[in-house]
Amino acid sequence: MAETRHPDSIEFAGDYNLNEIIMVNHEGEATDIKRQVVELNLYESIYYNALVGEMVITDAQNMIAKMPIQGTERLLFKLSTPAQGAPTIDASEQTGHPFYIYKLSKKKQISEGTLLYILHFCSREFLRNIRTRVSQAYSGTMDDMVATIFQDKEYLDSRKRLHYEPTRNSDKIVIPNMKPFDAINMLADRALPKNSKGAGYHFYETAQGFHFRSWESM
């Protein structure tokens with residue numbers, strides 16, 4: 001019987017822990033698609049307002065016909081590096097925040113009965129940003145305005161943690177029918193950090209939550 005590697009021990013460069021990748025359709029039916037996934041990429045950057053990713057799928061079971069992609073599918077998994085204290089990307093429903101599939105692209109037949117295609121996924125806030133608009137007047141500090149839009153159930157309605165750096169400038173601003181990310185980016189450009197003399201902030205998402213930080217602090 002082969003020994004099982006301990007989840008906190010690294011044996012080879014590029015080791016990772018990923019036990020399953022569950023796709024849940026609009027009717028709540030769950031399917032483990034890990035065997036069909038040949039590549040998984042997750043992108044985070046200070047220039048991206050939200051996490052996005054993609055999976056390359058080899059499908060010999062006609063999965064997309066049995067579970068047609070409608071843009072409401074949830075993607076559940078836990079991905080980590082096998083080292084103590086390493087951050088975990090928790091997209092589970094129990095303890096984390098699932099991703100959502102929003103697009104299928106580059107579908108082609110690579111052999112008889114087998115398809116290759118890419119499933120694109122994103123964080124929930126990415127979809128909220130597409131589907132909502134901010135039309136409201138705000139007053140106060142820039143970080144307070146950002147936190148309000150971030151948590152407002154009419155706008156981003158985020159349940160994630162917002163890591164923010166306090167701002168020193170206050171204002172009265174009318175946001176005229178803008179997407180939430182566009183509104184927050186506008187506030188970020190005007191924000192002045194409380195504890196330094198710089199100007200301008202970035203608003204972005206990582207696996208640890210959302211961040212509203214000054215350029216200077218980076």
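Just a few scattered comments:
- Any hit, the stretch 79-99, residues being open to solvent by less than 30 Å² (accessible area, probe 1.4 Å), under 29 Å from Asp157 (Cα atoms), at pLDDT below 90 and not hydrophobic (A, V, I, L, M, F, W, C): yes
- Which numbered condition Thr114 fails, given (1) surrounded by fewer than 16 Cβ atoms within 10 Å (Cβ to Cβ); (2) closer than 25 Å to Leu51 by Cα; (3) β-branched (Val, Ile, Thr): (2)
- Filter result for Gln109 (assigned to a strand (DSSP E or B), without any contact (Cβ under 8 Å) to a residue 12 or more places away in the chain and either of a type in the set (Asp, Glu) or open to solvent by 80 Å² or more (accessible area, probe 1.4 Å) (or both)): yes
- In the stretch 44-58, the residues that are under 19 Å from Ser158 (Cβ atoms) form Cβ pairs under 8 Å with partners that are of a type in the set (S, T, N, Q) and part of a loop (DSSP other than H, G, I, E, B), at six or more places apart or across chains, as follows: Ala50/Ser123; Leu51/Ser123; Val52/Ser123.
- Flag for Asp182 being at pLDDT 95 or above, over 30 Å from Glu54 (Cα atoms) and assigned to a helix (DSSP H, G or I): no
- If the condition is being open to solvent by less than 40 Å² (accessible area, probe 1.4 Å), within 10 Å of the chain's Cα centre (by Cα) and of a type outside the set (A, V, I, L, M), then the stretch 41-63 contributes Asn49, Gly53.
- Test: residue in the stretch 130-143 that is within 15 Å of the chain's Cα centre (by Cα), crowded, with 16+ Cβ neighbours inside 10 Å and at pLDDT 95 or above: no
- Filtering the stretch 119-129 for residues that are part of a loop (DSSP other than H, G, I, E, B), modelled with pLDDT of 95 or more, open to solvent by 30 Å² or more (accessible area, probe 1.4 Å) and touching a strand residue (DSSP E or B) at 6+ places or on another chain (Cβ under 9 Å) leaves an empty set.
The values are calculated or read from the model by the stated rules, or taken from the named source; none is laboratory data. In this text, all values refer to a predicted model and were calculated from it rather than measured experimentally. Note that each Cβ is placed from the backbone with ideal geometry, even for glycine, and that neighbours are counted across all protein chains shown. The area values use the complete protein model at the heavy-atom level, side chains included, leaving out ligands, DNA and RNA. Shrake-Rupley method; radii C 1.70, N 1.55, O 1.52, S 1.80 Å.
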